[in-house]
Amino acid sequence: MNGFAQILDAARRTTPVVHSITNYVTVNDCANMILALGGSPIMADDPDEVEQIVAISAALVINIGTLNRHTVPAMLAAGKRANALGKPVVLDPVGAGASDLRNNALARLLGEVRFAAIKGNSAEIRFLAGSAVAARGVDAGDDTLVTEANLTASARMAAGLSARTGAVVVASGPIDLVACPTAVWAVRNGNARLTGITGAGCMAAAVTGCCLGAAPDKAPEACLCAMTIMGVAGEIAAAQSAPDKGGPGSFRMFLLDAVSSLSSPALAARARVEAVL
Amino acid sequence: MNGFAQILDAARRTTPVVHSITNYVTVNDCANMILALGGSPIMADDPDEVEQIVAISAALVINIGTLNRHTVPAMLAAGKRANALGKPVVLDPVGAGASDLRNNALARLLGEVRFAAIKGNSAEIRFLAGSAVAARGVDAGDDTLVTEANLTASARMAAGLSARTGAVVVASGPIDLVACPTAVWAVRNGNARLTGITGAGCMAAAVTGCCLGAAPDKAPEACLCAMTIMGVAGEIAAAQSAPDKGGPGSFRMFLLDAVSSLSSPALAARARVEAVL
Amino acid sequence: MNGFAQILDAARRTTPVVHSITNYVTVNDCANMILALGGSPIMADDPDEVEQIVAISAALVINIGTLNRHTVPAMLAAGKRANALGKPVVLDPVGAGASDLRNNALARLLGEVRFAAIKGNSAEIRFLAGSAVAARGVDAGDDTLVTEANLTASARMAAGLSARTGAVVVASGPIDLVACPTAVWAVRNGNARLTGITGAGCMAAAVTGCCLGAAPDKAPEACLCAMTIMGVAGEIAAAQSAPDKGGPGSFRMFLLDAVSSLSSPALAARARVEAVL
């Protein structure tokens, strides 16, 4: 898979408006990431306005991190409207498996909205794919991670979910998987310190929405672009806030700086993408 | 217009409590900005308590960035109570024009609450002034900016909105306008990197609320103080996080640091304020 | 009181999931603090899911900073379920005394939920203890602070609230008090700059929840561990962002870094804890 890095240029050139219905924990970081990519974030979650907001947007991101009974109808209405308008929709199934409210919302969303991309951590993606995963809050447990040992089986699982939903499926972790029904890529960028701050997964979904807004007809490439951006920026930030120089506070600041200054040639040079299926 | 910089001293001396009904995207930055000025932030948005919270506050800021059907009644109740108590109210009409929900809320707010200041970006202020502006999310499009070329016309537009509402009208952008019915000032401080982080506009409204809380009888001066604080702090932060040293993550940190350490003499010395009408 | 510092090791070793029903102002900082301690944060506030979320968590933190009529039932349901499951619950009574909504919610919470710890600023704790305190927003006024002059009387007040509620009572300020019915400790760590950022109190409650999740049977030690962590980290951050090097933006970043890199021997060596009753 080549050429995905150029979607970064497209984002910087076209300033896609990205509508997010997301959680209040990491929303500020998500907005700043979209800006750092050249996009324009708008957060709006009242059922009375989301259809109009999605109409002026290039993409929609639905993140169920702090969903409630009032925002689920907004997610459904916005998602259907985006479908009708042909705008790409990203789903971040935060905490899938952790409660009936989340699981029922996910069932309705997957039943009523067509997603361009579904991006979760490995535990969330396994849950959506039908595995009996014991949810451990919103962070993936070690037993659900994608590893070199389970890479092919994990890739088939993700490809299966992609075939069933029509979405590009992204399972994030030490190894990220980006799956279409018949092709799966592994992204081996990133740094363990991304798990030391809240919201790296949410930011990845926001970045995915921005890349899809810039390249709506190239969903696999947009997802690869987004995951390599987050991974490479994580590597740069980890180098800048080495343990003797800083912790998660510094890392988080440098992560945003790194996304902002990343160029598509640098991204292409550093991306470690491999077809695994 | 002289003497506005001394309102910064008044804020540091009197610790005004600033009640904000605001969006969940930038609320943390707004609270930290109020603290950096010497004020005391309180966020509260349930209709059942906002009238009591406004009663213990020096000023109220209403920001519709992520309004919903539950917070609009709170905005109206708090605004009317603040009016009854003689406390200044600031309106930040985020995303004006982007949805009926926002436009209807703004119509009710402007009809039922008397604002001391209305601070929006140039697109939002043009919308409120009656121009047919195509909303582009929450960021102003280039075609709506205040420029040297349209300065007098823009000043007249803002003065007209001020005359109609009784509020000091602030249109933020590369050139900020601060408008009374019969006098308009341009503020030429600031840095383009303020648009590279989310919430610079929201922070400006929060700072405006804090300055008004410290000087409720000097609304034009308080607005000039607030806009020069944000502009000068933006200049300082941009110098500290020069492109080779940092991006929006660093800039945002230095912006808060700069507001915190700004003195009124430094503000007066660096402020670039000119009467344009 | 010895051995409390080792709870930091327990947190890093056991990765407690901490469920927070908290305000949207400081929620991101609270999540990052829990991660910096080795815990796993999950924020969820819909009444339809909080009982299930608390069931997969090691501790629950209830913070009423931006409570509303929809989240109060969630707080009650989650608190009762945590009690039934034997999981520790922390209350942060933000803005106690500032509105009937807050006071009524606190009365119901204290009547229906058994708290392992109640952590407020000195004004909030005095209010809960029955003093006629004039609420000044969410920041404590100078007249309510715990000082060397009123130390014994303040300790008796906190011990009385502890006896009445069964909770360990923590009153934060320049001198922190940690009170059981028959023993009270003063913590003399910390730095005034903690009051220059929003959320230091909320973060202290989140840290308390994480420590209690790691040591549910040692509530006084967990509270001492939490307050010394925040105090020592505040001292380290203040040294790193000295006035000539930075303001509250830098301080906030270094605070998170300091919590992340703090070891239990360093904590034990720097902690200034003294029995005062």
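The values are calculated or read from the model by the stated rules, or taken from the named source; none is laboratory data. Everything quoted here is computed from the prediction, not taken from an experiment. Cβ placement follows ideal geometry from the backbone for every residue including glycine, while neighbour counts extend to all protein chains displayed. Quick note on the areas: whole protein, heavy atoms, side chains included, nothing else; ligands and nucleic acids left out. Shrake-Rupley method; radii C 1.70, N 1.55, O 1.52, S 1.80 Å.
Does B:GLN6 qualify as being within 11 Å of another protein chain (Cβ to nearest Cβ), open to solvent by 10 Å² or more (accessible area, probe 1.4 Å) and over 21 Å from A:ALA44 (Cβ atoms)? Taking the combined requirement at face value, the residue does not satisfy it.
Take the residues of segment C:133-174 that are within 14 Å of chain B (Cβ to nearest Cβ) and either without any contact (Cβ under 8 Å) to a residue 12 or more places away in the chain or basic (Lys, Arg) (or both): which is surrounded by the fewest Cβ atoms within 10 Å (Cβ to Cβ)?
So the residue we want is C:ASP142.
The residue that is surrounded by the most Cβ atoms within 10 Å (Cβ to Cβ), counting only those in segment B:111-132 that are closer than 19 Å to B:THR198 by Cβ and more than 14 Å from chain A (Cβ to nearest Cβ), is B:LYS119. Across segment C:91-102, the qualifying residues are those that are out of contact with any Phe, Trp or Tyr (no Cβ under 7 Å at 6 or more places or on another chain) and either over 16 Å from C:GLU124 (Cβ atoms) or more than 10 Å from chain B (Cβ to nearest Cβ) (or both), and the one among them that is surrounded by the fewest Cβ atoms within 10 Å (Cβ to Cβ) is C:PRO93. Being on the phi < 0 side of the Ramachandran plot, modelled with pLDDT of 95 or more and facing chain C (nearest Cβ under 8 Å) is a condition met by no residue of segment B:66-76.
Scanning segment C:193-201 for any residue that is hydroxyl-bearing (Ser, Thr, Tyr) and in contact with a helix residue (DSSP H, G or I) (Cβ under 9 Å, 6 or more places away or on another chain) turns up at least one such residue.
Taken over segment B:68-96, the residue count meeting the criterion of being under 17 Å from the mean Cα position of the chain (by Cα) and within 22 Å of A:PRO41 (Cβ to Cβ) is 6. The number of residues in segment A:187-214 that are over 12 Å from the mean Cα position of the chain (by Cα), among the hydrophobic types (A, V, I, L, M, F, W, C) and either surrounded by fewer than 21 Cβ atoms within 10 Å (Cβ to Cβ) or assigned to a helix (DSSP H, G or I) (or both) comes to 3.
Quick grid of which residues meet (1) β-branched (Val, Ile, Thr); (2) over 13 Å from B:PHE4 (Cβ atoms):
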site	(1), (2)
B:THR228	yes, no
B:ALA239	no, yes
B:GLY249	no, yes
B:MET253	no, yes
B:VAL259	yes, yes
B:ALA266	no, yes
B:ALA275	no, no
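Residues of segment C:225-263 that are part of a loop (DSSP other than H, G, I, E, B) and more than 13 Å from chain B (Cβ to nearest Cβ): C:LEU262, C:SER263. How many residues are closer than 23 Å to B:ALA237 by Cβ and surrounded by fewer than 24 Cβ atoms within 10 Å (Cβ to Cβ) if we restrict to segment C:227-245? Number of matching residues: 8. So is A:GLY199 closer than 18 Å to A:ASN121 by Cα and either in contact (Cβ under 8 Å) with a residue 12 or more places away in the chain or away from chain B (no Cβ under 14 Å) (or both) or not? Judged against the criteria, A:GLY199 is a match. Checking B:ARG114, B:ARG108 one by one, the residue that is touching a strand residue (DSSP E or B) at 6+ places or on another chain (Cβ under 9 Å), among the basic types (Lys, Arg) and over 29 Å from A:ASN32 (Cα atoms) is B:ARG114 and no other. Determine whether A:ALA266 is open to solvent by 20 Å² or more (accessible area, probe 1.4 Å) and part of a helix (DSSP H, G or I). Spelling it out, A:ALA266 is indeed open to solvent by 20 Å² or more (accessible area, probe 1.4 Å) and part of a helix (DSSP H, G or I).
For segment C:44-54, the tally of residues that are at the interface with another protein chain (Cβ under 7 Å from one of its Cβ atoms) and open to solvent by less than 10 Å² (accessible area, probe 1.4 Å) stands at 4.
In segment A:2-27, the residues that are at pLDDT below 95 form no Cβ pair under 6 Å with any partner that is part of a helix (DSSP H, G or I), whether six or more places apart or across chains. Any residue at all in segment A:79-86 that's out of contact with any Ser or Thr (no Cβ under 8 Å at 6 or more places or on another chain), farther than 27 Å from B:LEU67 by Cα and open to solvent by less than 30 Å² (accessible area, probe 1.4 Å)? Looking through segment A:79-86, none of the residues is out of contact with any Ser or Thr (no Cβ under 8 Å at 6 or more places or on another chain), farther than 27 Å from B:LEU67 by Cα and open to solvent by less than 30 Å² (accessible area, probe 1.4 Å).
Checking every residue in segment A:100-121 against the condition of being at positive phi and in contact with a helix residue (DSSP H, G or I) (Cβ under 8 Å, 6 or more places away or on another chain) gives zero matches. The conditions of being open to solvent by 30 Å² or more (accessible area, probe 1.4 Å) and within 19 Å of C:ALA84 (Cα to Cα) are not met by C:ILE21.
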